[in-house]
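J.: Sharing a structure, written as structure tokens. Questions coming.
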Amino acid sequence: MERLSTERGTMQQHDILEGRRLETFVHRADPDRALCARFLPMPLHADVDVLLAFHTELTRALMPARSSAVAGPMAGLIRLQWWREVLEGVRTPDHELAPALLVAIERGVFCRDTLLRILKAREAELDPVPDVCTWRQMMRDGAGGIQRAVGEALGMRDEGVLIRLEACGAAYGAGAMLRHWPLLQNSGRYLFPGDEAGLRQEGDAFLHECALASLPPHGHLSALPAVLAGRDLARGSTQAGIPRGLGDRLAVMLKGWKAARAFQRSVAATS
């Protein structure tokens, strides 16, 4: 009995260490979304870290296509197809992240279709079409899909609200693209098929569609990247290549604290 207790304690300690390792990885790879995720209810932290790590892996799949003139987009498409088959259950999930992602889907934390849309956005980036409508859909599926998945993890099923969360994520993606616009011109990434002014206009339209102020408490907690989107779209590319300042982080923290308090009150009122 004592041995069993010791083994359980060791397993729990291992899980905690693994969770901290994943959290550190996500914080380094996706610091903006990682900061926003810290204001979600504690039980969701590990699942959302898995979501953000999954998105980082998909983005990494684009790198060979940008760096290899020989491979072209094929190497990236092969890696993305591997993830597609894992999500569809036709391939063994032998990536360290895959089992946790599949378990989250089985538990109903994330919707499989939403994750497939995020993957579809990265596939679209490897086969770019210089068309604004195509770009908008890519942003809704990719950066927008991440915020939709966060809303779904919080139990949101109102399609109207989820679409607004997609717009929030797309606004954040457009704002981040605008912020680093001069540096991205030679990166090989599929950028907005227009100029900097047009990109700002598209980002503002996404942000307007999100209508952050009128979202329900769950929605506010899921839409924190809209805070950064608004700041990035307002100042444009003046901070290209510069790490985020304290002002950006404090703005997210203040909004996150208020959103978390409002969420807790709404939960208490319905329990």
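We did not get these values from a lab; they are worked out from the coordinates using the rules stated. Remember, it's a predicted structure, so these values are computed and weren't measured experimentally. Heads up, the Cβs are rebuilt from the backbone with ideal geometry, glycines too, and the neighbour counts pull from every protein chain shown.
J.: Place a +1 charge on the Cβ of each Lys and Arg in the chain and a -1 charge on the Cβ of each Asp and Glu, then give the dipole magnitude about the Cα centre in debye, rounded to the nearest 20.
T.: Its charge dipole is roughly 680 debye.
J.: What's the magnitude of the charge dipole for segment 92-168 around its Cα centre, counting Lys and Arg as +1 and Asp and Glu as -1 at the beta-carbon? Answer in Debye, nearest 20.
T.: About 240 debye.
J.: Taking Cα pairs under 8 Å and at least six residues apart, what relative contact order does the chain come out at, in percent?
T.: 17 percent
J.: Taking 0.36 nm per intervening residue step and subtracting the Cα-Cα distance, what contour gain separates residue 265 from residue 91 on full extension?
T.: 58.3 nm
J.: Now a separate question. At 7 Å along Cα-to-Cβ for each site, give me the label-to-label distance between residue 254 and residue 38 in nm.
T.: Calculated label separation equals 1.7 nm.
J.: For the chain, give me every cysteine whose Cβ has no other Cys Cβ within less than 4.7 Å, ordered by residue number.
T.: 36, 111, 133
J.: How far apart, in nm, are two points set 7 Å out from the Cα along the Cα-to-Cβ line at residue 186 and at residue 60?
T.: 2.7 nm
J.: Using a Gaussian network model of the chain whose springs link C-alpha atoms within less than 10 Å, name the residue from 28, 117, 249 with the highest mean-square fluctuation.
T.: 28
J.: For a quick check, take a GNM of the chain with Cα springs below 10 Å and name the residue from 239, 137, 185 with the largest mean-square fluctuation.
T.: In the Gaussian network model the winner is 185.
J.: Once fully extended, how much extra length lies between residue 242 and residue 106, figured as 0.36 nm per residue of separation less the alpha-carbon to alpha-carbon distance?
T.: Using 0.36 nm per residue and subtracting the Cα-Cα distance, I get 45.0 nm.
J.: Along the principal axes of its C-alpha atoms, what lengths does segment 183-255 span, in descending order and rounded to whole Å?
T.: Between the extreme Cα coordinates on each principal axis of segment 183-255 lie 40, 27, 19 Å.
J.: Considering only 217, 73, 99, give the residue with the highest GNM mean-square fluctuation for the chain, with springs between Cα atoms whenever their separation is below 10 Å.
T.: The residue with the greatest mean-square fluctuation here is 99.
J.: Once phi is turned into θ = phi - 60°, what whole-Hz ³J(HN,Hα) does the Karplus curve with 6.51, -1.76 and 1.60 give for every residue of segment 31-36, x standing for Gly and Pro?
T.: Those phi angles translate into x, 5, 5, 4, 5, 4 Hz.
J.: For residue 24 and residue 195, calculate 0.36 nm times their separation in residues minus their Cα-Cα distance, and state this gained length in nm to one decimal.
T.: 58.0 nm
J.: To continue, here is another question. In segment 146-271, with Lys and Arg counted as +1 and Asp and Glu as -1 at Cβ, which of these residues, 154, 259, 198, has the Cα nearest the positive end of the dipole, that is, farthest along it?
T.: 259
J.: State, as an integer percentage, the relative contact order of segment 179-271 based on alpha-carbon contacts under 8 Å between residues 6 or more apart.
T.: Once divided by the residue count of segment 179-271, the mean separation gives 40 percent.
J.: Rounded if a/c is under 1.5, else prolate if a/b beats b/c, else oblate: with a ≥ b ≥ c from the C-alpha gyration tensor eigenvalues square-rooted, which is segment 101-220?
T.: Numbers: a/c = 2.47, a/b = 1.44, b/c = 1.71.
It is oblate, given that a/c is not under 1.5 and a/b is not larger than b/c.
J.: Where does the chain land at 222 nm, in deg cm²/dmol rounded to the nearest 500, when only DSSP H runs of n ≥ 4 count, each adding -39500 (n - 2.57), divided by all residues?
T.: Computed ellipticity for the chain at 222 nm equals -23000 deg cm²/dmol.
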